[in-house]
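The values are calculated or read from the model by the stated rules, or taken from the named source; none is laboratory data. Just so we're clear, the structure is a prediction, and the values are computed from it rather than from any experiment. Glycine gets a Cβ as well: all are built from the backbone with ideal geometry, and neighbour counts include every protein chain shown. Accessible surface areas use protein heavy atoms only, side chains included; no ligands, DNA or RNA. Shrake-Rupley method; radii C 1.70, N 1.55, O 1.52, S 1.80 Å.
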Number of protein chains: 2
Amino acid sequence: MPAKRPSPTVLREATRQARSFERVRQAHQREVAEDYVELIADLIDVTGEARAVDLAERLGVTNATVNAALNRLARDGLVTRQRYRSIFLTTEGRRLAEESRARHRIVRDALIKLGVDSETAEIDAEGIEHHISARTLAALREFLEGAGTP
Amino acid sequence: MPAKRPSPTVLREATRQARSFERVRQAHQREVAEDYVELIADLIDVTGEARAVDLAERLGVTNATVNAALNRLARDGLVTRQRYRSIFLTTEGRRLAEESRARHRIVRDALIKLGVDSETAEIDAEGIEHHISARTLAALREFLEGAGTP
DNA sequence: TATAAATTTTAGCTTGCACTAAATTTTGTC
DNA sequence: GACAAAATTTAGTGCAAGCTAAAATTTATA
């Protein structure tokens, strides 16, 4: 029984399907990627290195889950890794982490200025930061600058 | 070859696994449910009925995807449906839809008051509304009430 | 009313992301 | 340096949500 090699038709179909996945992935998956690179950047900056076990602990998931996520991040060019060694951000990964951090800070500070307590602001900012357009971010920035604490 | 019936050990394991899934599911899945019931409520209120084909068109997904989602919503007690007929919200589904709508409006209006143009505000509110705690929502409500357009 | 068109449902596939258990490798200690 | 502990990776499983293609059913029309 031969037929191991996929037919052209099957390949074409696979490509079309992959294309349509792309759109879908960018929705929820970008958030996960941002959370990971942000956390990795924090760990590197604070403790000097990012280890999978720490990521797992902070994110409340298992090592295996983190490992799978890191494989995807590496595939997407956001991190680099050598087997059994700690994790590094690529230039693109670092850029995304910084951007996420800045976004996070602005959202959190805006919420605080609006009267939300800082713990709640921190938590909500975590969820909100991934859904803010450049325009809204600019508006929040202006809101923070204009007429501070009187 | 017997062994069709799962062993007690396997069942116990399945239960534990199911439990841990619950936590995870509530993260992203609640957002999807909220989007669906909100849209279903809108369609019912505006056009008189909610059809799968309209949901698919508005959400930019295929009929098959909508159908699978509706099965989950029905399983979770948010909608009811008869085969090949249009969709209805349960009391719980309607409640969730109203809550989401209110949340959506508040976020959108707050963004507008912060200087974001209404189209962008509408889009961003869609993403943000699922990540707002009760406290932040209250703060936004106060922000909207206090010192309107001068 | 018979047939065509539209809609809904089913079947089968893929990826993401969660889990447990076990294997592999590195690190730490005696 | 050998051995135990810690960490990483792999293997195998499940559900959500997306897709296409095709079957089933309802609705519209000639």
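Here A:R72 does not qualify as basic (K, R), within 30 Å of B:R141 (Cα to Cα) and either open to solvent by 40 Å² or more (accessible area, probe 1.4 Å) or in contact (Cβ under 8 Å) with a residue 12 or more places away in the chain (or both). Close Cβ contacts (under 7 Å, 6 or more residues apart or on different chains) running from residues in segment B:136-147 that are within 9 Å of A:V116 (Cβ to Cβ) to residues that are of a type outside the set (A, V, I, L, M, F, W, C) comprise B:T136/A:T120; B:T136/A:D124; B:A139/A:G115. Against the test of being surrounded by fewer than 17 Cβ atoms within 10 Å (Cβ to Cβ) and assigned by TED's automatic domain parsing to the domain that holds B:S133, the options B:G48, B:G115, B:G77 yield a single qualifying residue, B:G115. When A:V66 is tested against (1) open to solvent by 40 Å² or more (accessible area, probe 1.4 Å); (2) within 12 Å of DNA strand D (Cβ to nearest atom); (3) of a type in the set (V, I, T), just one condition goes unmet, and that condition is (1). Scanning segment B:135-147 for residues that are at pLDDT 95 or above, more than 9 Å from every other protein chain (Cβ to nearest Cβ) and farther than 26 Å from B:A33 by Cα yields one hit, B:L144.
Here's the yes/no breakdown for (1) more than 18 Å from B:T136 (Cα to Cα); (2) under 17 Å from the mean Cα position of the chain (by Cα); (3) of a type in the set (A, V, I, L, M); (4) within 12 Å of another protein chain (Cβ to nearest Cβ):
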| position | (1), (2), (3), (4) |
| --- | --- |
| A:Y84 | yes, no, no, no |
| A:R105 | no, yes, no, no |
| A:E126 | no, yes, no, yes |
| A:S133 | yes, yes, no, yes |
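Name the single residue that is nearest to A:Q29 (Cα to Cα) among those in segment A:58-88 being more than 11 Å from DNA strand C (Cβ to nearest atom) and part of a helix (DSSP H, G or I). Ranking the candidates gives A:A74 first. For the structure I just gave you, tell me whether A:G93 is assigned to a loop (DSSP other than H, G, I, E, B), more than 9 Å from DNA strand D (Cβ to nearest atom) and either open to solvent by 60 Å² or more (accessible area, probe 1.4 Å) or of a type outside the set (V, I, T) (or both). The answer is no for A:G93.
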